[in-house]
Amino acid sequence: MDWKGHFCRVGSHSYKGDDITADPDELEAFVNGERKYIEPWLSAVFQAEHLNLLLGGGFTTAVCGLAGTAATGMAKVSFGTTYDSAIDAHAQAGATAMKRGIANIEDQLRSALALLDGLAVMDKVGEKVLKDAIDAQMTHFLESLLSTESGIATGKDKAARDAAQGILQSFLLSFASRAASRERLHIFTTNYDRLIEHGCDFTGFRIIDRFVGALNPVFRASRVEVDIHYNPPGIRGEPRFMEGVVRLTKLHGSLDWSFDKQERQIYRKGIPFGAPANHTDIPKNPVDTVMIYPNPAKDVETTQYPYAELFRDFAASICRPNVVVVTYGYGFGDDHINRVLLDMLTIPSTHLVIMTYLADDRVRAFIDRTREAQVSLLIGSHFSDLATLVAHYLPKPALDHISGRMADLLRDRPFDPRHSDPALSSPAPATSGVI
């Protein structure tokens, strides 16, 4: 494939180019030209029987950019121990094997945790030294995540913060505003922050996940399909599903998940979004309790709780007929996730939509293993800019139904003003269409 800086492929339409004009008039003409292909296609795709959204680190980075704050850095760190060179070498070998390029803090933590298990068997003194070093780096990492959340929620630039909040809500609404008769949107994320939960709270969505309880939510292995419904007025015995309900699975854990060693249970702590680093629920020794799992290379999730349950949810949700998965900000650097996506695409009725800023080697290697008809692409700083997506390319569910009814009314009237008003002559956005 001849990759360019900007690449779009939706249905039978495609575009590729190194640069997109910055001239306002030319840019408006370009956007209008592309929108007539992209928006109707995504409108139809989003009405698939099963819709799933996979969000990676690029999603948080995009929202932080809009809010005028910095996202959590993933650069390599120094543990300050005699094991640093061995940890770095092991981390780089793993990153190279997964075609991730230069190793980052996730690779280092993965290698350090593996070494910690070995030292627990043969060197208790070395285990204590390394554990203290990992605790220090994980604490710093947690503080960085909380700082990112705080910048989004309470940043100095209120106008930018409010704009980012509005775009975040509109982005989630474009996916979650499905007909109540269809299955709920299922959001998967590899991120440890609570940006998705934050956006759902502002949007008014109800989140269904594996945690049960009000005061001290606990993680349950049972996949009971608990959902919310209501009875419409005047109808008995015919419940109708409520709108604004989504499912959420955090594949690599979350900064507010905590493991209780005595009870052998996983709880979700009540840590506020963007809480200060000295919040009472922030653990002093996170390596023992905090349930974040940095980018495993060897599918350890299949043997460790709760990650086995989370990945079973992922595979069960997407590896079935009539499924659409939309990725945003996911860099295809996790083999255990890529393998499930490729398994999904062996089913002919499934479809994958990739939205990403950069088509690097990892993204290209994944796309080369797929069938063109099953993958839609929106690649580049224009097509995958969060503000541009929301403003021009993602469907507007609330407007679709109104526009469709308006078009029906105009067709039924003896005098159709569309004959004299060009603004009304364009076709209404697609409102349905099951893949």
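The values are calculated or read from the model by the stated rules, or taken from the named source; none is laboratory data. Predicted, not measured: the structure shown is a model, and the values here were computed from it. FYI the Cβ positions are ideal-geometry reconstructions off the backbone, even for glycines, and counts take in every protein chain you see. Accessible surface areas use protein heavy atoms only, side chains included; no ligands, DNA or RNA. Shrake-Rupley method; radii C 1.70, N 1.55, O 1.52, S 1.80 Å.
Scan the range 162-178 and tell me whether some residue there is modelled with pLDDT under 90, closer than 21 Å to G274 by Cα and not in a helix (DSSP H, G or I). Outline the logic, then answer.
Within the range 162-178, the first condition is being modelled with pLDDT under 90, and the residues that meet it are 176-178.
Imposing the further condition that a residue be closer than 21 Å to G274 by Cα reduces the set to none.
No, because not a single residue in the range 162-178 is modelled with pLDDT under 90, closer than 21 Å to G274 by Cα and not in a helix (DSSP H, G or I).
Among the numbered conditions (1) modelled with pLDDT under 90; (2) farther than 16 Å from W41 by Cβ; (3) surrounded by 21 or more Cβ atoms within 10 Å (Cβ to Cβ), the only one that H382 does not meet is (1).
Please verify whether the range 73-91 includes one or more residues that are under 19 Å from the mean Cα position of the chain (by Cα), touching a residue at least 40 places away in the same chain (Cβ under 8 Å) and surrounded by fewer than 22 Cβ atoms within 10 Å (Cβ to Cβ). Steps first, answer last, please.
Step one: filter the range 73-91 for residues under 19 Å from the mean Cα position of the chain (by Cα), giving 73-74.
So of that shortlist, the ones also touching a residue at least 40 places away in the same chain (Cβ under 8 Å) come out as 73.
Adding the requirement that they be surrounded by fewer than 22 Cβ atoms within 10 Å (Cβ to Cβ) leaves 73.
The answer is yes; a qualifying residue exists.
Tallying residues that are free of Cβ contacts under 8 Å to residues at least 24 places away in the same chain and over 25 Å from D361 (Cα atoms) within the range 13-35 yields 12.
Taking the conditions exactly as written (at pLDDT below 90 and within 21 Å of the chain's Cα centre (by Cα)), does R182 satisfy them or not?
Details: at pLDDT below 90: yes; within 21 Å of the chain's Cα centre (by Cα): yes.
Yes; evaluated as a whole, the condition is true for this residue.
Close Cβ contacts (under 7 Å, 6 or more residues apart or on different chains) running from residues in the range 212-228 that are under 24 Å from K261 (Cβ atoms) and at pLDDT 75 or above to residues that are open to solvent by less than 90 Å² (accessible area, probe 1.4 Å) and assigned to a loop (DSSP other than H, G, I, E, B) comprise F219/R210; F219/P306; R220/R210. Listed by position, the strands (runs of 3 or more DSSP E) contained in the range 229-271 that have at least 3 residues being open to solvent by 10 Å² or more (accessible area, probe 1.4 Å), among the β-branched types (V, I, T) and touching a residue at least 60 places away in the same chain (Cβ under 8 Å) form an empty set.
Put simply, of L42, L53, L27 the only residue that is touching a Leu at 6+ places or on another chain (Cβ under 7 Å), open to solvent by less than 70 Å² (accessible area, probe 1.4 Å) and assigned to a helix (DSSP H, G or I) is L42.
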